[in-house]
Amino acid sequence: MGNAHEQNRWYPLRVTYGRELKLKDRLDKLQLASFIPMTYKQIEKDGRRRRALVPAINNLCFVHATRCAIDDLRSQLKETIPFHYIWDRATSLPIVVPDKAMDDFIRVSSSIDDDIIYISDVSPLLKSGQKVRVIAGPFAGIEGKVVRIRKAKRVMVELPEMLAVATTYIRPEWLEMINE
């Protein structure tokens, strides 16, 4: 079927009809690593407002598996939890997120802080920032670009061709320049 030596890679998947948490639950039961960035939002239900933890980006789930394993799961779930790959237009292949970028993205996204910002379309203005590594604090080890959002310097971790997440304010002395 697939290559026995195929490596697990991070694939972003588009899950239809807001079923990303159902897919994650299924992946957890199969012991396949996955990640859905979550955030708190005010939800109104039956006239009551409450704070609920919900997916930060609708219909998106990252899965760490072989393409063969994902294809098998896709055929099993096509009726109950339909999902598909997000394609790289340049190569006509599914987008694969490098491990380091995904690790950094997960670290920033997992902080579930109200000040974490998700950026679905990374503008060229944000891309022009200096590449840095955070050397202290809760985000130590994360690499990204310095951006200014809401009057605060942050580090933006970008998943190319997809989206980015920006940290909360990071003190300048906690940043180390990276020469590319």
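The values are calculated or read from the model by the stated rules, or taken from the named source; none is laboratory data. This is a predicted model, so every value here is computed, not measured. Methodologically, a virtual Cβ is constructed for each residue, glycine included, from the backbone with ideal geometry; neighbour enumeration extends over all protein chains shown. Note: accessible area is taken over every heavy atom of the protein model, side chains too, but ligands, DNA and RNA are not part of it. Shrake-Rupley method; radii C 1.70, N 1.55, O 1.52, S 1.80 Å.
Condition first: surrounded by 14 or more Cβ atoms within 10 Å (Cβ to Cβ), at pLDDT 95 or above, at negative phi and touching a His at 6+ places or on another chain (Cβ under 9 Å). Can you find one or more residues in the range 72-85 that meet it? Yes, the range 72-85 has at least one match. Across the range 9-25, the number of residues qualifying as open to solvent by 20 Å² or more (accessible area, probe 1.4 Å) and among the hydroxyl-bearing types (Ser, Thr, Tyr) comes to 2. Considering the conditions (1) open to solvent by 80 Å² or more (accessible area, probe 1.4 Å); (2) in a helix (DSSP H, G or I); (3) touching a strand residue (DSSP E or B) at 6+ places or on another chain (Cβ under 7 Å), ASP114 is excluded by exactly one of them, (2).
In the range 117-133, of all residues being assigned to a loop (DSSP other than H, G, I, E, B) and open to solvent by 80 Å² or more (accessible area, probe 1.4 Å), the one that is modelled with the highest pLDDT corresponds to GLN130. For the range 34-59, a residue qualifies if it is modelled with pLDDT of 95 or more and assigned to a strand (DSSP E or B), and the qualifying residues are SER34, PHE35.
Applying the set (1) surrounded by fewer than 13 Cβ atoms within 10 Å (Cβ to Cβ); (2) outside any helix (DSSP H, G or I) to ASP28 leaves exactly one unmet item: (2). From the residues in the range 147-162 that are touching a Pro at 6+ places or on another chain (Cβ under 9 Å) and in a strand (DSSP E or B), which one is surrounded by the most Cβ atoms within 10 Å (Cβ to Cβ)? Taking the candidates together, the pick is LEU159.
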